[in-house]
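The values are calculated or read from the model by the stated rules, or taken from the named source; none is laboratory data. Quantities reported herein were computed from a predicted structural model and do not represent experimental measurements. Cβ sites come from the backbone with ideal geometry, for glycine too, and all protein chains shown count toward neighbours. Quick note on the areas: whole protein, heavy atoms, side chains included, nothing else; ligands and nucleic acids left out. Shrake-Rupley method; radii C 1.70, N 1.55, O 1.52, S 1.80 Å.
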Amino acid sequence: VMIMAILAIVFTDVKQRKVLFVISFALKFVTDILLNDASFSSSIFKELIIFDIAKNLLWYITGILFYHYKLIEKIKKIKNNNRLTCLFITLFIIISILTYVMQIKYNFVMDILLSMLGILVTLILSLKIEKNNLLEKIGKNTLPIYFLHGIIIAFLRIIMTKLKIPLLEGSIPLFFCTTLSITISLIIYRICSKSYILDFIFYPKKYLKIKK
């Protein structure tokens, strides 16, 4: 994430960001081919952080371009159009079913299309739910969730492994882990926020007087 933030700061020119988008798209294509290569699956290279960056760079650059072109404002217009909203959600569901339920052979174009549709649908639905106390609370505490959820999920995986619960099969374990990791993260942060020393770890800016 730090590397992506640096890229956003360094590449401020729109032409540079477009070039970076093309490069990230090419890297995504190459890494996907490698991941579907049986001989590469056992390679130590895929465990390196540089491979993860190459694999996911496209989505970070997409986010930067979303911000640059103020696409959120355009998506706000779509969310007021119920027909378009239903169309995108229907397309997303149909492609998801075709890709996963019917076990269609991996296709790079289908993967990109599904991912982009997923981003669009998520943004539309998020904008439609403008006022929700639970979501607002989660939104205000995304940093603690980001810091803590990985540790909590790792702990849950250990428990699920001990109980012989399938980790990668079915939506129930996924929903269970996601919900529980968010809930526990919020509880831990609520406890930590009672102490300014612990709260400083999450939000140092609250306690530091930084002169501009």
Original post:
Of (1) surrounded by 13 or more Cβ atoms within 10 Å (Cβ to Cβ); (2) modelled with pLDDT of 75 or more, LYS162 satisfies all except one. Which?
Top reply: (1)
Subject >> Residues (open to solvent by 50 Å² or more (accessible area, probe 1.4 Å), of a type in the set (A, V, I, L, M) and under 24 Å from VAL109 (Cβ atoms)) located in segment 72-88 >> reply: LEU84, LEU87
**OP:** Give the residue, chosen from PHE29, PHE21, PHE45, that is in a helix (DSSP H, G or I), modelled with pLDDT under 80 and over 27 Å from ILE129 (Cβ atoms).
**Re:** PHE45
